[in-house]
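The values are calculated or read from the model by the stated rules, or taken from the named source; none is laboratory data. Remember, predicted model here, so these are calculated numbers, not experimental data. Backbone-built Cβ (ideal geometry, glycine too); neighbour counts: all protein chains shown. Accessible surface areas use protein heavy atoms only, side chains included; no ligands, DNA or RNA. Shrake-Rupley method; radii C 1.70, N 1.55, O 1.52, S 1.80 Å.
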Amino acid sequence: MYINPDKCVACGNCTYVCPMGAIYVDPTIKRAVVDRNECVECYACYNGLSQEHLNPTMVRTMRKIFQMMRLRFEPEPDVCPTAAFEPDKLEWPRVVRRAFSDPRVPHESTGVSGRGTEEVKTNDVSGRVKVGEVGFTIEFGRPGVGVWFSDIQKMSWAMAKAGVSFEKKNPVTSLMSDVSTGTLRDDILGEKVMSAILEIKTTVDRTEEIILLVREVEKQLDTVVSIGVGTRCDENGDENVVAPILERLGYKLERAKTNIGLGRVTNTPDESAKKEEPVPAMR
Ligand code: SF4
Ligand code: SF4
């Protein structure tokens with residue numbers, strides 16, 4: 001994102017709408033500036049503020065006159081009075097920032113907007129997590145924090161070393177140059193995004209081991225990590241294998257997303273998946 005200094009009148013409205021705190025008013029040039037390193041190209045500033053087309057010279061003059069009279073001329077708080085935002089034309093690899101940070105932009109690899117994955121929400125038709133398996137979503141970053149791909153790679157390396165499998169239809173997986181080692185493409189390691197999700201899967205008996213590993217790796221990362229656990233319930237909608245492990249590890253369980261299982265697995269060609277239908281509920 002770029003702020004045109006010829007247009008900006010340093011009203012400061014945009015500094016409040018940037019979820020990454022990447023916009024600041026530079027007192028030496030008296031203009032708002034975007035810190036390109038911290039900007040994740042979420043477009044919240046460009047889309048979140050109404051753009052008025054007041055003449056910048058006129059606004060600056062008015063503000064000076066008002067100042068002399070010890071009055072303030074401030075535009076409405078949800079407005080950039082001079083339409084100073086000019087989005088950059090994003091090239092590779094910077095364009096991945098927007099793909100992971102602007103919820104209105106669908107990912108090229110999955111066609112899904114936002115972080116680009118349906119996770120286990122559609123497990124009844126995707127069949128990602130089967131009976132006896134547990135799927136993890138390892139989520140990095142948040143507004144105000146963000147995450148560098150170099151940090152995501154530390155986790156993907158550790159997960160690959162532990163022998164788990166990465167979800168193929170996940171945008172982070174699609175950015176790996178070597179899925180067997182969890183290595184991401186070199187050219188994206190210096191890119192920062194608002195948040196991203198790594199999805200892995202293993203057998204239920206490894207639940208505790210993987211959670212402890214995530215906790216261990218998280219200590220080395222300059223971001224926040226949330227972990228989601230998905231597994232299959234039995235035909236009564238109960239789940240008595242993974243839940244006790246999570247409770248023993250200190251998690252208070254809430255059923256976050258439940259798939260009722262009315263769909264048919266449509267995109268898993270292997271026979272074992274077909275035999276599993278109808279699909280039980282998902283926790
Ligand atoms: S809202 Fe517009 S005019 Fe005001 S500081 Fe930001 S870019 Fe400059
Ligand atoms: S695009 Fe997003 S991160 Fe970048 S300056 Fe605008 S609001 Fe901040």
Efficiency of FRET between E208 and E108 - r from beta-carbon atoms, R0 45 angstrom, step 0.05: 0.80
Computed E for K89/R264 - FRET, C-beta separation, R0 35 angstrom, nearest 0.05: 0.20
Rounded tilt (10° steps) of 56-68 against the dominant C-alpha axis of the chain: 70
Folded to 0 to 90 degrees: helix 207-218 orientation relative to the chain principal axis, Cα: 30
Farthest toward positive dipole pole in the chain [+1 Lys/Arg, -1 Asp/Glu at C-beta], among V33, I210, P143: V33
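Over the chain, give the accessible area per residue in Å² for a 1.4 Å probe, as an integer.
Numbers: 14870 Å² over 283 residues.
Roughly 53 Å² per residue, with all protein chains present.
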Shape of segment 58-215, Cα gyration tensor, a/c cut at 1.5: prolate
Length added when fully stretched, Q67-I227, from 0.36 nm per residue minus Cα-Cα: 52.4 nm
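Report the charge-dipole magnitude of the chain in Debye, nearest 20, computed about the Cα centre from +1 at each Lys and Arg Cβ and -1 at each Asp and Glu Cβ. Write out the running numbers ahead of the final one.
Details: 38 positive and 42 negative charges, 188 e Å.
Rounded to the nearest 20 debye, it is 900 debye.
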Per-selection Rg to Rh, the chain - Cα, Kirkwood hydrodynamic radius: 1.10
Extension gain, D178 back to R60 (0.36 nm per residue minus Cα-Cα distance, nm): 37.1 nm
